[in-house]
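The values are calculated or read from the model by the stated rules, or taken from the named source; none is laboratory data. Treat the numbers as computed from the prediction; the structure is a model and nothing was measured. No Cβ is skipped: glycine too gets one built from the backbone with ideal geometry, and neighbour counts run over all protein chains shown.
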Amino acid sequence: MTFYREQILKIKADIYSKEYLCEQVIQSKRFIEKEFSRNISLDDIANEAFFSKFHFIRLFKNLYGRTPYQYLKEIRIARAKSLLRTGMPVKDVCISVGFDSITSFTGLFKRITGSSPVAFQNNKKAILKN
């Protein structure tokens, strides 16, 4: 390896430390948590971290154990559960957590929780009555 190549690698290691990468990924996670109700794409999230989307997915998954999209779904469903517990209509919950289609919302909700939004809401009402 040449002297110049060694110097370039040293500068690169100093500028792009792992701490910097982690901070950028954490910033994008905060962006997801703040903007989950909007129609955000992987490009939007990766741009928030200033990475290409493929590099970003790899970094995010290494840090959090799941892809950014999986995390976005988890955030949306968690918020949907809390809104359903308040008695908010399913259609309004669907829109307020960032879904355009009630069908896709219902399907994802059922896949993650094991029950439909209406069944989840009714079950919570039954528990509260007892």
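Here Arg38 fulfils each of the conditions (1) surrounded by 14 or more Cβ atoms within 10 Å (Cβ to Cβ); (2) out of contact with any helix residue (DSSP H, G or I) (no Cβ under 6 Å at 6 or more places or on another chain); (3) assigned to a loop (DSSP other than H, G, I, E, B) apart from (1). Go through the residues of segment 90-100 one by one and say whether even a single one is in contact (Cβ under 8 Å) with a residue 40 or more places away in the chain, assigned to a helix (DSSP H, G or I), more than 30 Å from Cys22 (Cα to Cα) and over 20 Å from the mean Cα position of the chain (by Cα). Among the residues of segment 90-100, not one is in contact (Cβ under 8 Å) with a residue 40 or more places away in the chain, assigned to a helix (DSSP H, G or I), more than 30 Å from Cys22 (Cα to Cα) and over 20 Å from the mean Cα position of the chain (by Cα), which makes the answer no.
Checked against the criterion of being at positive phi and assigned by TED's automatic domain parsing to the domain that holds Asn123, segment 45-57 has no qualifying residue. Here Phe109 meets each of (1) at pLDDT 95 or above; (2) in contact with a Gly (Cβ under 8 Å, 6 or more places away or on another chain); (3) aromatic (Phe, Trp, Tyr) with one exception, condition (2). Return the residues of segment 25-34 that are buried (at least 16 other Cβ atoms within 10 Å of the Cβ) and more than 13 Å from Tyr69 (Cα to Cα); say none if nothing qualifies. Of everything in segment 25-34, just one residue is buried (at least 16 other Cβ atoms within 10 Å of the Cβ) and more than 13 Å from Tyr69 (Cα to Cα), namely Val25.
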